[in-house]
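Take a look at the structure below.
The values are calculated or read from the model by the stated rules, or taken from the named source; none is laboratory data. Owing to the predicted nature of the structure, the values given are computational and were not obtained by experimental measurement. As a convention, Cβ positions derive from the backbone with ideal geometry for all residues, glycine included, and neighbour counts pool all protein chains shown.
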């Protein structure tokens, strides 16, 4: 190869690993280079890549046989984490981890559902602990380092009674290897008090729809929903002429018929009655658009029944009605102290468990394993395992086995044992804010290698990343260059051990390494989003001379150039409903503050009005206590205004905890200031308001930036522009998938600059 600066561009070939929607591809092909292989596990990214670039995307990097890959000069890739497998509590009930997505939320030790930030897997060799909790049907299997939220039982000598008293220490996180039979496992009880509201768009004809809103504030509604879960179902059918014949059905026992029908008819007119031949129960039904859609929330078929989270969040008086309806249909009560029922649904059993706990009832759950098939009256009948539940009132609690205290239920261990395993897959999550999640009805702590709060070594988690897969291919094919990308925390995680591992492996494989930290705003794109870029160059071909990035000489930052024409924005991106109302509510409060007022980083308005005791306050997370301490002077200064405002908007703010959190990140309050002067995001940490200079950082979870001036979400096309994709780029037709894709994508401008600077440095392209 000649080293003349006047040479024309040399066309290089590249493979695009963990390609996503093709940020690296966009950059390299714009310079005239050719992609010979692309790989990504996400099927929607595969579709987008094929539609835009005409390349079939390989599914799994681990399945790539490097000997079958055409020769190439460059490897690109943003190396991620991959996971699958175990049961955890999501806002949609218990799910297997392989079915959990980033759009799901996990229950934490605070009793709140939080966003998932990352998913992890590792192959583990060592001691595996098996933990069995009393009255719980399944074992918990975990590594020795995994922490659980426990209270240790201790015996304290009482000199007055001359006996030992049983007491329990303050809750703490304790690793599995340190657990004993005196450690009681914690589970947070839902303490929310929210009356749910629903909004449905009903189609009138092919041209028109009407919006129907319903508030579930009638006790008969809750009785009916509980009865439906116990002995109801929906029928979803379409006639050949296109008519929809959706039906709601109830099977009502004749002994309770008059009472049940009267209560349901207060809400629905179930006039479609079919008498059973055995006179034990009669079937009732009706068609109702609103309630058909509400009942769909409870799942289909007996084994698929669940208790939605909005039921768990309801006030106790409504939950009591719900349970009354359920037990009338499919349960029993003995002496008003013991509740019992049997179900084939795992999620229904544990959903009802959480309802009973909220009412102060303890319970046991036993799994009854049944033969998969049996013969009944000469017929082969498929069977499912059942869950038998018995609940006890708080007054009848058995403190040696379990007890309720200060918003938690504490379960005694039944069995603790360990075994040695080799290459056993184990799984983990990173969860936003609270760093915990629920496994098999028990609180455990997460340990995310690449998060700011991560405490475990990243390469203990399946090497934390799929970097080794890149190097496996590089070792055989020996490309000239590798351009790799990752989050900025990779430089410091595990006290730099991850970075050292990467450096050593790259060096051992014959490559020189240079690392760049870049953000789109460095190159004219109004988004602050720092990422790390690894440039790897073959030492046997090129001298290791430091590469200098070309400085940005373009136009100054102007976020308005990213925006679409307001007249062309679809109404679906406009703020509406609770999101609009809660922003308007906080905007109302912002206008109360004096000019020059400096707001504390996060206002936790709910916490101020909860009136915690000293003991409760000390039990809160440190970050929460810190914010509450900083909030107090501001709230006290404007207390009459805050009191009036909070009373006015209390119902709205209580719908979701995050509605009561304001992150004001725009400095002091200005004259005629408003939330709608800025960008904002609805995050799990609260409502974040940021200066209208940079767009908020795009992320792969549901935190779509809101452009306040136009009271709307930014569009997928604007997200594409923020990641420097051309307007010719074809965007996925599902907005949710598009937002996720662009949140995960590399920024084209950034990778283009890194690649151009490198190839120019080595005389492969002209300036």
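The table that follows gives values for the structure above.
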quantity: From 548, 555, 584, residue being in a helix (DSSP H, G or I) and surrounded by fewer than 18 Cβ atoms within 10 Å (Cβ to Cβ); calculated: 584
quantity: Residue in region 164-173 that is without any contact (Cβ under 8 Å) to a residue 12 or more places away in the chain and either in contact with a helix residue (DSSP H, G or I) (Cβ under 6 Å, 6 or more places away or on another chain) or not in a helix (DSSP H, G or I) (or both) present; calculated: yes
quantity: Subset of region 711-734 (residues that are part of a helix (DSSP H, G or I) and without any contact (Cβ under 8 Å) to a residue 24 or more places away in the chain); calculated: 720
quantity: Hits in region 536-565 (condition: within 30 Å of residue 718 (Cα to Cα) and in contact with a strand residue (DSSP E or B) (Cβ under 9 Å, 6 or more places away or on another chain)); calculated: 549, 559, 562, 563
quantity: Flag if residue 684 is at negative phi, crowded, with 20+ Cβ neighbours inside 10 Å, touching a strand residue (DSSP E or B) at 6+ places or on another chain (Cβ under 6 Å) and modelled with pLDDT under 95; calculated: yes
quantity: Lone qualifier among 610, 625 - being surrounded by 15 or more Cβ atoms within 10 Å (Cβ to Cβ) and modelled with pLDDT under 90; calculated: 625
quantity: Residue match in region 142-157 (condition: surrounded by fewer than 20 Cβ atoms within 10 Å (Cβ to Cβ), in contact with a strand residue (DSSP E or B) (Cβ under 6 Å, 6 or more places away or on another chain) and at pLDDT below 75); calculated: yes
quantity: Selection count where residues are assigned to a loop (DSSP other than H, G, I, E, B) and either at pLDDT 95 or above or touching a helix residue (DSSP H, G or I) at 6+ places or on another chain (Cβ under 6 Å) (or both), scope region 695-710; calculated: 4
quantity: Test: residue in region 660-672 that is on the phi > 0 side of the Ramachandran plot, assigned to a strand (DSSP E or B), buried (at least 19 other Cβ atoms within 10 Å of the Cβ) and not assigned by TED's automatic domain parsing to the domain that holds residue 115; calculated: no
quantity: Residue match in region 489-505 (condition: in contact with a helix residue (DSSP H, G or I) (Cβ under 9 Å, 6 or more places away or on another chain), modelled with pLDDT of 90 or more, under 26 Å from residue 722 (Cα atoms) and not in a loop (DSSP other than H, G, I, E, B)); calculated: no
quantity: When residues of region 563-577 are limited to those that are part of a helix (DSSP H, G or I) and farther than 18 Å from residue 735 by Cα, the one nearest to the chain's Cα centre (by Cα); calculated: 577
quantity: Tally of residues being surrounded by fewer than 19 Cβ atoms within 10 Å (Cβ to Cβ) and over 32 Å from the mean Cα position of the chain (by Cα) across region 525-539; calculated: 2
quantity: Condition broken by residue 634, with the remaining ones in (1) modelled with pLDDT of 90 or more; (2) touching a helix residue (DSSP H, G or I) at 6+ places or on another chain (Cβ under 7 Å); (3) not in a loop (DSSP other than H, G, I, E, B) satisfied; calculated: (2)
quantity: Check on residue 595, surrounded by 14 or more Cβ atoms within 10 Å (Cβ to Cβ), touching a residue at least 24 places away in the same chain (Cβ under 8 Å) and in the same structural domain as residue 688 (by TED's automatic domain parsing); calculated: no
quantity: Among (1) assigned by TED's automatic domain parsing to the domain that holds residue 659; (2) touching a helix residue (DSSP H, G or I) at 6+ places or on another chain (Cβ under 6 Å); (3) at pLDDT 90 or above - the single one residue 535 does not satisfy; calculated: (1)
quantity: Filtered residues of region 569-599 (kept if more than 21 Å from residue 714 (Cα to Cα) and in contact with a strand residue (DSSP E or B) (Cβ under 7 Å, 6 or more places away or on another chain)); calculated: 596, 597, 598, 599
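Condition check ((1) more than 18 Å from residue 730 (Cα to Cα); (2) modelled with pLDDT under 80) across all residues:
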| residue | (1), (2) |
| --- | --- |
| 15 | yes, no |
| 45 | no, no |
| 62 | yes, yes |
| 69 | yes, no |
| 81 | yes, yes |
